[in-house]
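Read-outs: derived from the displayed coordinates by stated rules, not from any lab. Only a predicted model underlies this, so the values are computations on that prediction, with no experimental measurement involved. When we count neighbours, we look across all protein chains shown, and the Cβ atoms used for this are built from the backbone with ideal geometry, even at glycine.
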C-alpha cells in the first residue's frame, strides 16, 4: 500500500516489527506529539530542539526515523503474507478507538482481512474459557441475535465464549471481528481462519506485533479494544475478582470504554451478579438485546487530559 507521510511517520515512531531494539513511543507518548507527525520527517535533532522538543526526545525521534528502510522491508513482508498495518492516519482505522480510549488507544493495528469491517456497528461477546453448555448456548444465541439486528460480532478470539460466539455469527452470515492477544500470523495458519478472511466475512486484528505471543498484559490491552469497538459488550460468564474477563469488564465500566452488559440467567458465571453490582446492565433474555441496540450508543468519550507525559516530551 502507498503510505502518506503521516502514516509512515506513525509506523516509524511506534512499530516494533523491524526488530531493531529501538525505544519506540508508547501510545500515550505518541498522542502527546504535535500533529501531524509527517511534518517531523527529515528534520535534524537541532531542528526539533529549536521547535521546543527536549534534546533526549529529539534524538530518540531521529533514531526512529532513521530505520525507514528496515521497517519498510518488514511492512512489505507482512503485506505479502496478508497482514496489513493500519495506522491512525490510514483509511480503515476505527476512529471510535480514539474517541472511546483517548490516549490509551492503539496508534496502529495489524490487520488480516478487510479493515473496513472494523468500523461498522458490532456487539461484543466475551466470557470465560471454561463456560458450561448453557453459557455456550447463550453466547451463540446472542451472536445470532446480533447478526439478525444488522450488527457484527466482535470478540477476543480466545477459546470458550469468544470462539463460540464468533463461529455462531459467521454461520449466521454475519461480520466477525477478532481482536487478538496472541500471534496473528499463527492464527492465520488455521484453514478455517484463512477461509473467513478470504471470503470477506471476518477480520483479525491485533494492536501488538503480528508474531507477538500471548501475554496477560496483551490480553488486557486487547480487552480495551473489544469494548471500544462494540456498540455494547455482553459478558456471558465471569468469575468475581479473578481472570481477564472480570478485569476487562470492570476496567471498561470504570473508564467508560463502552456499554457493558452482563448475562443474568441460565449459564451465567459465578461473578455475573457481582459485575451487575459494579454497574453492568443486566441482560435477562436474548430478546432484550434489541432494546439495548436501539438505544443511543453513548458512553461518555474519554478525553485525553494534559498529563505530565506531555511536559516530559517538550522542553520548557
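Annotations for the structure displayed:
- DSSP-defined beta bridges in the chain - what % are antiparallel, rounded to 5: 30 percent
- Fraction of the pair-distance distribution of segment 115-294 above 27 Å, Cα-Cα pairs, percent: 17 percent
- Label-point gap, in nm, between residue 4 and residue 73 - each point 7 angstrom along Cα→Cβ: 2.9 nm
- The distance separating the Cα centre of segment 64-118 from that of segment 10-26 comes to 12 Å.
- Helical mean residue ellipticity (222 nm; -39500 (n - 2.57) per DSSP H run of 4+; nearest 500) of the chain: -12000 deg cm²/dmol
- Principal-axis tilt of helix 243-255 within the chain, Cα atoms, nearest 10 degrees: 70 degrees
- The chain: angle of helix 216-229 to the longest principal axis, Cα-based, in degrees nearest 10: 80 degrees
- GNM top mover of 57, 12, 275 - the chain, alpha-carbon springs below 10 Å: 57
- If you plug the beta carbon distance of residue 295 and residue 171 into 1/(1 + (r/R0)^6) with R0 = 22 Å, you get a FRET efficiency near 0.20.
- Just checking the listed ones, 71, 13, 48: in the Gaussian network model of the chain with Cα springs under 10 Å, the one fluctuating most is 48.
- Residue exposure proxy: 142, 17, ordered by other Cβ atoms within 10 angstrom of their Cβ from fewest to most, comes out as 17, 142.
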